[in-house]
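*Asks:* Would you mind keeping the following structure in view while I ask a few things?
The values are calculated or read from the model by the stated rules, or taken from the named source; none is laboratory data. The shown structure was predicted, so the numbers you read here are calculated from the model rather than taken from an experiment. Cβ coordinates were reconstructed from backbone atoms using ideal geometry, including for glycine residues, and neighbour counts include every protein chain displayed. In case anyone asks, the SASA skips ligands and DNA or RNA and just uses the protein heavy atoms, side chains included. Shrake-Rupley method; radii C 1.70, N 1.55, O 1.52, S 1.80 Å.
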Amino acid sequence: MTDWLFAPPATPTIAIDGVDEAYPVRRIFCVGRNYVAHAIEMGVAVDREAPFYFTKSAHAICPSGTTVAYPPGTDNYHYEMELVVAVGAEVYQISPEQAPAAVYAYGCGLDMTRRDLQLAAREKQRPWDLGKDFEDSAVMAPFALAAQFGEPGPQRIQLKVNGEVRQDAHIADLIWSVPELVSHLSGYYHLGPGDLIMTGTPAGVGPLVPGDKVEGSIDRLAPVALTIGAAQ
Ligand code: MN
């Protein structure tokens, strides 16, 4: 057996309601501009040709209920409330009809974003990593089994900052539905247990400042909460 040079980092995990074992996370795929009103507020045309993605490291995961420091390198740190899909089966090149059987659980997540860095990168046609994939940028509540959540669609998705509603939509408003996303991604990756899909955010994204309390909710799921601390 080979000795490690240093202790391997612990695998990030998600708790699942009613399940004793934790769900170990492998990859996080994030869908861009998947609600019409959000695409409009971002100043871009709605693209119905195909979904597009960026990724976050599994090590960007931060549990709900945490206080995180205002991140470095930004003056425009945004919340994005999202439905998160946890894949539970190995699938490759499946149809949308086959996709629901591959979904193990759903959860509330926050795709935290350094918007100024994301937009600067977009402007220069560079990757978004500095804007999207940073420490504590994937905030996850405990998940619920797929059967408990039901078919994605009628559930309301909301986000409040300091008790005030900022985002309010329904999962049915997704441009690319959950089965379409799972099917499409499976055309490019061998998806499997441990893969998460953050499905995109509704309109109403906006900046946060230290002291803000964020709470996101989706019907039938545990809410996700985050408090913004001072910059360090
Ligand atoms: Mn997002």
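*Asks:* Go through segment 107-118 and count every residue that is in contact (Cβ under 8 Å) with a residue 24 or more places away in the chain and more than 8 Å from Asn76 (Cβ to Cβ).
*Replies:* 8
*Asks:* Taking segment 173-232 as the region of interest, how many residues are part of a loop (DSSP other than H, G, I, E, B), away from the ligand (no atom under 16 Å from the Cβ) and not small (Gly, Ala, Ser)?
*Replies:* Adding up the residues that qualify gives 12.
*Asks:* Tell me, which residue of segment 52-83 that is buried (at least 21 other Cβ atoms within 10 Å of the Cβ) and of a type in the set (Asp, Glu) is farthest from the ligand (Cβ to nearest atom)?
*Replies:* If we take residues in segment 52-83 being buried (at least 21 other Cβ atoms within 10 Å of the Cβ) and of a type in the set (Asp, Glu), then Glu82 is farthest from the ligand (Cβ to nearest atom).
*Asks:* Here is a list: Glu135, Glu97. Which entry is open to solvent by 80 Å² or more (accessible area, probe 1.4 Å), in a loop (DSSP other than H, G, I, E, B) and farther than 26 Å from Pro72 by Cβ?
*Replies:* When all the criteria are applied, what remains is Glu97.
*Asks:* Limited to segment 15-45, what total is found for residues that are assigned to a loop (DSSP other than H, G, I, E, B), loosely packed, with under 14 Cβ neighbours inside 10 Å and within 16 Å of the ligand (Cβ to nearest atom)?
*Replies:* 2
*Asks:* Among the numbered criteria (1) open to solvent by less than 20 Å² (accessible area, probe 1.4 Å); (2) over 16 Å from Cys30 (Cα atoms); (3) assigned to a strand (DSSP E or B); (4) in contact with a helix residue (DSSP H, G or I) (Cβ under 9 Å, 6 or more places away or on another chain), which one does Ala144 miss?
*Replies:* Failed condition: (4).
*Asks:* Taking segment 147-170 as the search range and keeping residues that are part of a strand (DSSP E or B) and open to solvent by 30 Å² or more (accessible area, probe 1.4 Å), which one is farthest from Tyr104 (Cα to Cα)?
*Replies:* By that ranking, first place goes to Glu164.
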